[in-house]
Amino acid sequence: MKAFAFAAALVLSPLSAQAADWPTAAPAAEGLSAAKLDAMSAAIKAGQFQQITSVLIARHGKLVFEAYYDEGQKDGGPEARRNTRSTTKTVTAMLAGAAIARGALPSVHAPIKAYLKDRPPVANPDPRKDKVTVEDLLTMSSIAECDDDNEFSRGNEERMYLIEDWVGFYLDLPVRGFPDWMPKPEASPYGRSFSYCTAGVVTLGQVVQNAVKKPLPAFADEVLFKPLGIEAPHWQISPKGLAMGGGGLGLRSRDLLKLGQLYANGGQWEGKPVLPADFVKAAVAPHANARENTDYGYLIWLQTFPGSDGAGHKAWVMSGTGGQKVAVVPDLDLVAVITTTNFGVRQPHVIAEKLLTEHILAAVEK
């Protein structure tokens, strides 16, 4: 395995040919400790964080650290298309923002029913289901009884994979109930009751696709991937032929870093607008409370992590099963990517967040 930290002695590293699309700098030049990053690599190689496959860090818009811990393995190294799992959801949110920017969707308040015509009648009809909006799906707070964290939920994503029509699966769900021990939306922070629902994001992908009148991958290439120089993304496809907006999109680690940097730049890439600044601002604002000390924006987690200075640093986090992380830390002007194969490991998110706080954020010296 090889780890590459960008410094004067490494400008001719095997990754330098790929560095052309991103300015690089030595860690120290951007206020990070190279020694602490080296210690991080040693800990990863020693297996202290189980199976970390890559770590990338950008500071002040410059790539200061890029390491791959699975080079030499099949489907490893810088060109590997990482199974991003649910980090894909944030990409779907970006595509919704792009659709709004082009007028294909009027706003986040648009009811989704208008973009899901010519479908069979839904099960469990209810006028409240007809009022579900794009924003309801972006914030995991629609009225549908859908909870991936509850194995008894009718909307649990594992049940979705058993049938052919994933969008129909979501649309057929009954209205969610709120017994006395569960706060109703109006009594919840931000007026929304959070419930993690992959099926809703799959449906949002269908809404965007129908609104823009082209396949979701083609739209993504046009408005997001090509402007960022992201090539050959690998989409998972549903049995009905819909690109899976809820998870599993294959992207390189650098591609993930670019997506994080796009949000850090307020929607701009190389000085050119890719996403509207007002949509990005709304996307990273809290719209629902996901759990204690964690809010949720538009398909992105809003968390606070401790730094080396003892202060808390707010972060916008794209997150996927196994501990896949794209963390944007605005007050430090830092973006970090962690990819893993910790799919069968206990508490993989805790492992990735420990790596983020105890090594990446701890390496920031000024």
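The values are calculated or read from the model by the stated rules, or taken from the named source; none is laboratory data. Keep in mind the model is a prediction, meaning the values are calculated, not measured. For neighbour counting, all protein chains shown are included, and Cβ atoms are generated from backbone atoms with ideal geometry for every residue, glycine included. Just the protein is used for accessible areas: all its heavy atoms, side chains included, with ligands, DNA and RNA removed. Shrake-Rupley method; radii C 1.70, N 1.55, O 1.52, S 1.80 Å.
Got a sec? Which of G76, G72 is crowded, with 17+ Cβ neighbours inside 10 Å, small (G, A, S) and outside any strand (DSSP E or B)? If you could, list the steps in order and put the result at the bottom.
On the way: G72 fails: crowded, with 17+ Cβ neighbours inside 10 Å.
Going through G76, G72 in turn, just one is crowded, with 17+ Cβ neighbours inside 10 Å, small (G, A, S) and outside any strand (DSSP E or B): G76.
The residues of region 314-366 that are among the polar types (S, T, N, Q) and in a strand (DSSP E or B), listed by number, are S319, Q324, T339, T340.
Does region 34-53 contain any residue that is open to solvent by 30 Å² or more (accessible area, probe 1.4 Å), at pLDDT below 95 and either in contact with a Phe, Trp or Tyr (Cβ under 8 Å, 6 or more places away or on another chain) or not β-branched (V, I, T) (or both)?
So far as region 34-53 goes, no, none of its residues is open to solvent by 30 Å² or more (accessible area, probe 1.4 Å), at pLDDT below 95 and either in contact with a Phe, Trp or Tyr (Cβ under 8 Å, 6 or more places away or on another chain) or not β-branched (V, I, T) (or both).
The residue that is nearest to I237 (Cα to Cα), counting only those in region 124-146 that are outside any helix (DSSP H, G or I) and open to solvent by 40 Å² or more (accessible area, probe 1.4 Å), is E145. Let me spell it out: the conditions are (1) assigned to a loop (DSSP other than H, G, I, E, B); (2) without any contact (Cβ under 8 Å) to a residue 24 or more places away in the chain, and A42 meets all of them except one. Which number is the exception? Among (1) assigned to a loop (DSSP other than H, G, I, E, B); (2) without any contact (Cβ under 8 Å) to a residue 24 or more places away in the chain, the lone unmet condition for A42 is (1).
Conditions tested, residue by residue: (1) modelled with pLDDT of 95 or more; (2) farther than 25 Å from D136 by Cβ; (3) open to solvent by less than 20 Å² (accessible area, probe 1.4 Å); (4) not aromatic (F, W, Y).
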| site | (1), (2), (3), (4) |
| --- | --- |
| N265 | yes, yes, no, yes |
| A288 | yes, no, yes, yes |
| L299 | yes, no, yes, yes |
| L302 | yes, no, no, yes |
| P306 | no, yes, no, yes |
| A311 | no, yes, no, yes |
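Pairs are defined by a Cβ separation below 8 Å, a sequence spacing of at least 6 or placement on different chains, a first member in region 64-87 that is farther than 19 Å from K258 by Cα, and a second member that is open to solvent by less than 20 Å² (accessible area, probe 1.4 Å) and of a type in the set (A, V, I, L, M); the pairs so defined are Y69/I44; Y69/I52; Y69/V55; D70/A80. Scanning region 1-33 for residues being open to solvent by less than 40 Å² (accessible area, probe 1.4 Å), part of a strand (DSSP E or B) and modelled with pLDDT of 95 or more gives a total of 1. Among the residues of region 155-171, the one identified as touching a strand residue (DSSP E or B) at 6+ places or on another chain (Cβ under 9 Å) and open to solvent by 20 Å² or more (accessible area, probe 1.4 Å) is L171.
Every test in (1) farther than 14 Å from R102 by Cβ; (2) over 17 Å from the mean Cα position of the chain (by Cα); (3) crowded, with 20+ Cβ neighbours inside 10 Å is passed by F219 save one, and that test is (1).
Taking only region 341-365 into account, find how many residues are in contact (Cβ under 8 Å) with a residue 60 or more places away in the chain and open to solvent by 10 Å² or more (accessible area, probe 1.4 Å). Let's see the steps before the verdict.
The first filter runs over region 341-365 and keeps only residues in contact (Cβ under 8 Å) with a residue 60 or more places away in the chain, leaving 341-342, 345, 348, 351-352, 354-355, 359-360, 362-365.
Narrowing the set further to residues that are open to solvent by 10 Å² or more (accessible area, probe 1.4 Å) leaves 341, 345, 348, 351, 354, 359, 362, 364-365.
Residues that pass the stated criteria total 9.
Annotation: D278 fulfils all but one of (1) under 23 Å from S107 (Cα atoms); (2) open to solvent by 30 Å² or more (accessible area, probe 1.4 Å); (3) in contact with a helix residue (DSSP H, G or I) (Cβ under 7 Å, 6 or more places away or on another chain); the unmet one is (3).
So which residues in region 87-107 are open to solvent by 20 Å² or more (accessible area, probe 1.4 Å) and either under 20 Å from T341 (Cβ atoms) or not in a helix (DSSP H, G or I) (or both)? Step through it out loud before you land on a result.
First pass over region 87-107, keeping only residues open to solvent by 20 Å² or more (accessible area, probe 1.4 Å): 100-104, 106-107.
Within region 87-107, R102, G103, A104, P106, S107 meet the criteria.
The lone criterion from (1) part of a helix (DSSP H, G or I); (2) open to solvent by less than 70 Å² (accessible area, probe 1.4 Å); (3) under 30 Å from N124 (Cα atoms) left unmet by G248 is number (1).
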